[in-house]
Amino acid sequence: MFKSKIAILISTMFIILFSGHLMAASHQIDMLNKLGKERMVFSKKVISVDVNDDVSWKSVNKGHNVEFIGMPEGVKKYKSKISKDAVYKFSKAGIYLYQCTPHKAMGMIGIVIVGNDKSNLEKIKKVKVYGKSKKLLKSLLADL
């Protein structure tokens, strides 16, 4: 009887410790030349995900990439290759601001909010963006 209680305890601990990995989700964002009346755009401007979820950016139209320009403290910069699909697993909570490097001045930016953590919002507000991205970023951040 004692051994079965220990086995149940170990199984329960295993499920609790690793359930986050089992529950991770995948999300997709398309990199597009046109969406409705917009040009050079990500299909989703703001997306919320959980820690350990991944986001894949699909290169629907050529000439785009993903480059993190604002992220939580301790996260390494990320920049995908142009015209290639990209996948990133978000292991740290916070706000991630990214852009398409060739089209940054055209407003091709997006935000990923991980773990509903907005503690680095002030840092994101200070990130330098260009052209149409300035007005768009201000609008996106106001809606958070």
**OP:** Determine the pairs where a residue that is crowded, with 18+ Cβ neighbours inside 10 Å, located within the stretch 93-109, has a partner that is among the aromatic types (Phe, Trp, Tyr) and not in a strand (DSSP E or B) with Cβ atoms under 7 Å apart, the partner being 6 or more residues away or on another chain.
**Re:** LYS104/TYR130
**OP:** Would you check which residues across the stretch 110-121 are crowded, with 18+ Cβ neighbours inside 10 Å and part of a helix (DSSP H, G or I) and list them?
**Re:** none
Subject >> Scope the stretch 122-144; condition touching a helix residue (DSSP H, G or I) at 6+ places or on another chain (Cβ under 9 Å), part of a helix (DSSP H, G or I) and either hydroxyl-bearing (Ser, Thr, Tyr) or loosely packed, with under 15 Cβ neighbours inside 10 Å (or both); matching residues >> reply: LYS125, SER133, LYS138
**OP:** Looking at (1) β-branched (Val, Ile, Thr); (2) assigned to a loop (DSSP other than H, G, I, E, B); (3) under 25 Å from GLU38 (Cα atoms); (4) touching a Ser or Thr at 6+ places or on another chain (Cβ under 8 Å), find the lone condition where VAL51 falls short.
**Re:** (3)
Original post:
So which pairs qualify, if the first residue must be in the stretch 112-133 and of a type in the set (Phe, Trp, Tyr), the second must be outside any loop (DSSP other than H, G, I, E, B), the Cβ gap must be under 7 Å, and the two must be at least 6 apart or on different chains?
Top reply: TYR130/LYS104; TYR130/ALA105
Original post:
Yes or no: VAL60 modelled with pLDDT of 95 or more and either loosely packed, with under 13 Cβ neighbours inside 10 Å or within 22 Å of LEU144 (Cβ to Cβ) (or both)?
Top reply: no
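The values are calculated or read from the model by the stated rules, or taken from the named source; none is laboratory data. Keep in mind the model is a prediction, meaning the values are calculated, not measured. So basically every Cβ, Gly included, is an ideal-geometry build from the backbone, and we count neighbours across all protein chains shown.
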